[in-house]
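Engineer: This is the structure I want to talk about, given as structure tokens.
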Amino acid sequence: MNLSTIASWEGVAAVVSAVIGLLTVGGAVVRWREQALRREDVQAWADQAIAALQSLVLLAALPPGRVPPDEARRRLTEVIFATSILVEQGRMFFRNRPWGGYGRGKPRAYQGRRPAILDDLVAAHQAALRLEGADLRTRAQLSLVAEDALKDFVTRMQHEVGRSRSASPTAGKAGGSIDVARLISQIDPARVAERIAEMGG
């Protein structure tokens, strides 16, 4: 091995070391940024919010009597409390925006305009307060308010903490429309019989 070969290998090693160093620094910056944005905390908060919003969608959309009245009342009370609490917790992640003198006399966290992402939870909270004892037309309206709030919230949070791509190609494939009757018709009758037996039938 001559000197020029050794020099070229040293050059390659220097470049490789530099690239590894840059990747290490880049990884540290990404981790720091994620911690600065409190991504895991926001995800946990969003999970709770989606549970509360979806619960309200179901409570509003299901026909009266589908959920036993005591259970429906208990779950509705949980939604009322959860949505209010989640709005206040959300202020830790999403600050009000300055808006002229709006809210000037309020504490600092409440000055300006609330971020739109919290509006979905406020709408759900107000809908939940009106749901019990509502007539059919009002239930339908509240059901749509709850559904829109859920969809809007999930869309916003997908931009905030969602992944831009799947870890595997299988999970990222586009789904099709779901028809439960068609899915039932495709089940092997032997599996159905086995499940009936497991259920004590």
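Every number in this text was worked out from the coordinates using simple rules, so none of it is lab data. All values reported here derive from a predicted model rather than from experimental measurement. Quick reminder, even Gly has a Cβ in these numbers, built from the backbone with ideal geometry, and neighbours come from all protein chains shown.
Engineer: What is the set of long-range amide H partners of residue 113 at a cut-off below 5 Å, with H atoms built 1.01 Å from backbone N?
Structural biologist: Amide H to amide H, under 5 Å and 5 or more residues apart or across chains, residue 113 pairs with 97, 99.
Engineer: Kindly state, to the nearest 0.05, the FRET efficiency for residue 66 paired with residue 126, given R0 = 25 Å and r defined as their beta-carbon distance.
Structural biologist: Values: r = 23 Å, r/R0 = 0.93.
Working from the Cβ atoms, E equals 0.60.
Engineer: Along the Cα→Cβ direction, 7 angstrom out, place labels at residue 190 and residue 92. What is the inter-label distance in nm?
Structural biologist: In this crude label model, residue 190 to residue 92 measures out at 5.4 nm.
Engineer: To continue, here is another question. Kindly identify region 61-161 as rounded, prolate or oblate by the Cα gyration tensor criterion: order the square roots of the eigenvalues as a ≥ b ≥ c, call it rounded if a/c is under 1.5, otherwise compare a/b with b/c, prolate if a/b is larger, else oblate. Show your work: numbers first, answer last.
Structural biologist: Values: a/c = 2.32, a/b = 2.02, b/c = 1.15.
Judged from the Cα gyration tensor, region 61-161 comes out prolate (a/c at least 1.5, a/b above b/c).
Engineer: Then there is this: Roughly speaking, what is the stretch gain from residue 151 to residue 73, that is 0.36 nm per residue apart minus the C-alpha to C-alpha distance, in nm to one decimal? Mind dumping the intermediate values first?
Structural biologist: Numbers: separation 78, 0.36 × 78 = 28.08 nm, distance 2.39 nm.
Length gained between residue 151 and residue 73: 25.7 nm.
Engineer: Projecting each Cα onto the charge dipole of region 46-165 (Lys/Arg +1, Asp/Glu -1 at the beta carbon, about the Cα centre), which of 133, 80, 65 comes out farthest on the positive side?
Structural biologist: In region 46-165, that residue is 80.
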